[in-house]
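What follows is a single structure, written as structure tokens, with notes after it.
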Amino acid sequence: MKYQLILASKSPRRQELLKGLGFEFEIKTKEIEELFPPVLFKEEIPVYLSNLKANAFKEELKENELVITSDTIVWNENKQLGKPKSRAEAIEMLQSLSGKQHEVITAVTLMTTEKTHSFYEITKVFFKELTKEEIDYYIDNYQPFDKAGSYGIQEWIGFVGIPKIEGDYFNVVGLPLNRLNEELKVF
């Protein structure tokens, strides 16, 4: 690869996933207020936020550097579920997902000094009907407060509560690896 890769993410899951592709990269992060215009709908939200994160690096990128940013949302019943701010909000989110299908949308932005390219991937996730005890156990033992929709598919809740997905599993974890690999080849 002709570029020095920079992953702009504090997420240990994203770091682990990118490492799994065999790329060498460094991690740089910036504090970004993740606000988006309320008129945005569905995949427009993570694409906007991913671009916002990439643009924070625009002025300092060197010619041989490529920054990778991403954002993941859970889309349920025509609204976005972000990261829960409290235990009560986490319970409410998991109850709203229980027994239903929702979508996880991850957008990725690739940026160099010459160009910027964004793409997104959508995965359908099917939750079984969750009991109050299962929800309480998961929140108490896994503290999903840093995860969109209040869950991580790679944790206990994914093992017992998600019987089926349609699409890229790694997209739900936070980075659509197959698509990212293809996009980096073309980029």
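The values are calculated or read from the model by the stated rules, or taken from the named source; none is laboratory data. Note that the structure is predicted; figures quoted are calculated from it, not measured. Cβ placement follows ideal geometry from the backbone for every residue including glycine, while neighbour counts extend to all protein chains displayed.
Brief remarks on what is shown
- Remark: G161 falls outside the filter, which requires a residue to be on the phi > 0 side of the Ramachandran plot and touching a residue at least 24 places away in the same chain (Cβ under 8 Å).
- Residues of region 12-24 satisfying the condition of being in contact with a strand residue (DSSP E or B) (Cβ under 9 Å, 6 or more places away or on another chain) and either on the phi > 0 side of the Ramachandran plot or surrounded by fewer than 19 Cβ atoms within 10 Å (Cβ to Cβ) (or both): Q15, K19, F23, E24
- Residues in region 145-156 that are touching a residue at least 40 places away in the same chain (Cβ under 8 Å) and either outside any loop (DSSP other than H, G, I, E, B) or within 29 Å of A56 (Cα to Cα) (or both): F145, D146, K147, A148, G149, S150, Y151, G152.
- Restricted to region 114-143, and to residues there that are of a type in the set (S, T, N, Q) and at pLDDT 95 or above, the residue that is nearest to V74 (Cα to Cα) is T123.
- Region 92-110, residues that are within 22 Å of L40 (Cβ to Cβ), out of contact with any His (no Cβ under 8 Å at 6 or more places or on another chain) and buried (at least 20 other Cβ atoms within 10 Å of the Cβ): M93, L97, V104, I105, T106, A107, V108
- Restricting region 22-53 to residues that are at pLDDT 95 or above and of a type in the set (D, E), the residue that is farthest from Y120 (Cα to Cα): E26
- Top-ranked residue in region 151-170 [being within 12 Å of the chain's Cα centre (by Cα), closer than 18 Å to Q95 by Cβ and not β-branched (V, I, T); ranked as surrounded by the most Cβ atoms within 10 Å (Cβ to Cβ)]: Y151
- The lone exception for V74 - which of (1) closer than 30 Å to S98 by Cα; (2) modelled with pLDDT under 95 it fails: (2)
- Condition met for D146 (among the charged types (D, E, K, R), at pLDDT 95 or above and at negative phi): no
- Restricting attention to region 170-187, the residues that are touching a residue at least 40 places away in the same chain (Cβ under 8 Å), assigned to a helix (DSSP H, G or I) and either acidic (D, E) or within 13 Å of T72 (Cα to Cα) (or both) total 5.
- Tally, over region 120-144, of residues that are more than 14 Å from the chain's Cα centre (by Cα), under 30 Å from N181 (Cα atoms) and part of a loop (DSSP other than H, G, I, E, B): 1
- On the stretch given as region 81-93, residues that are free of Cβ contacts under 8 Å to residues at least 60 places away in the same chain and of a type outside the set (D, E, K, R) total 4.
- Test: residue in region 126-147 that is surrounded by 19 or more Cβ atoms within 10 Å (Cβ to Cβ) and within 22 Å of F36 (Cα to Cα): yes
- Filtered residues of region 117-133 (kept if farther than 27 Å from I45 by Cα and either of a type in the set (A, V, I, L, M) or touching a helix residue (DSSP H, G or I) at 6+ places or on another chain (Cβ under 7 Å) (or both)): L130
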